[in-house]
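> Take this structure first; my questions come after.
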Amino acid sequence: MSKDMSQERGAVLRELQLSLQRSSSSSVLFGQLLARKLDIYSTDLECLGFLLLRAEGVAAGDLAALTGLTTGAITGVIDRLEMAGFVRRDRDSKDRRKVLVRPDLAKIEQEIAPHYQSMLHTFDEIFEGYSNEELAILLRFHQRVEEVLRGEIEKLEL
């Protein structure tokens with residue numbers, strides 16, 4: 001690889017890293033502002049996101065493990081989300097001693113989803129500019145970024 005190509009690659013890699021950092025910061029800011037608009041804490045909104053990935057329900061202890069929050073903090077999050085109507089507590093049909101937290105999909109669709117519509121529409125427009133092969137590359141890149149982040153989270157939890 002020539003020196004010019006190496007310098008060009010280095011510049012592109014630095015810009016990509018900066019773009020990832022800006023994207024992450026913008027995502028955090030969006031979540032904070034949306035949470036404020038919904039009159040909930042940003043941590044509550046993040047936890048709701050974890051619950052949406054497991055719409056069948058999650059035990060409070062499992063949600064604590066997923067988020068890295070203490071069980072006491074998760075109890076407060078669930079209480080606030082339940083009071084806002086975004087989740088409900090249900091007994092597990094297989095083990096009546098176990099309580100599962102489930103998102104209220106209808107309420108979320110009505111009150112939260114509209115705030116994501118313009119962004120999702122714009123993402124769809126952006127994706128139209130890429131071939132299926134390019135989208136597959138982007139997907140693999142994003143999946144690897146997620147893996148790296150999970151690994152770094154595990155290191156911090158030790």
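The values are calculated or read from the model by the stated rules, or taken from the named source; none is laboratory data. All values reported here derive from a predicted model rather than from experimental measurement. Cβ sites come from the backbone with ideal geometry, for glycine too, and all protein chains shown count toward neighbours.
> Taking the condition more than 25 Å from residue 61 (Cα to Cα), within 18 Å of the chain's Cα centre (by Cα) and surrounded by 10 or more Cβ atoms within 10 Å (Cβ to Cβ), does residue 123 pass?
Here the answer is yes, as residue 123 does meet what is asked.
> Answer yes or no: is there a residue in segment 132-148 that is among the hydrophobic types (A, V, I, L, M, F, W, C), at pLDDT 95 or above and not in a helix (DSSP H, G or I).
no
> Mind listing just one residue for me: the one in segment 99-118 that is touching a Lys or Arg at 6+ places or on another chain (Cβ under 7 Å) and charged (D, E, K, R) and, of those, nearest to residue 53 (Cα to Cα)?
The residue in question is 102.
> I've got another one for you. Sort through 11, 35, 55, 64 and tell me the only one that's over 17 Å from residue 153 (Cβ atoms), aliphatic (A, V, I, L, M), in a helix (DSSP H, G or I) and at pLDDT below 95.
Of the residues listed, the single one that is over 17 Å from residue 153 (Cβ atoms), aliphatic (A, V, I, L, M), in a helix (DSSP H, G or I) and at pLDDT below 95 is 11.
> Report, by residue number, each residue of segment 61-91 that is surrounded by fewer than 16 Cβ atoms within 10 Å (Cβ to Cβ), closer than 20 Å to residue 111 by Cβ and touching a strand residue (DSSP E or B) at 6+ places or on another chain (Cβ under 9 Å).
82, 88, 89, listed by residue number.
> For segment 103-118, what are the residues that are in a helix (DSSP H, G or I), within 17 Å of the chain's Cα centre (by Cα) and surrounded by 10 or more Cβ atoms within 10 Å (Cβ to Cβ)?
Hits for segment 103-118 are 105, 108, 109, 113, 115, 116.
> Do you know which of the residues in segment 31-51 that are touching a residue at least 12 places away in the same chain (Cβ under 8 Å), surrounded by 15 or more Cβ atoms within 10 Å (Cβ to Cβ) and more than 19 Å from residue 64 (Cβ to Cβ) is nearest to the chain's Cα centre (by Cα)?
Once the filter is applied, the top-ranked residue is 31.
> All but one of (1) part of a helix (DSSP H, G or I); (2) loosely packed, with under 11 Cβ neighbours inside 10 Å; (3) without any contact (Cβ under 8 Å) to a residue 60 or more places away in the chain hold for residue 95, so report the exception by its number.
(1)
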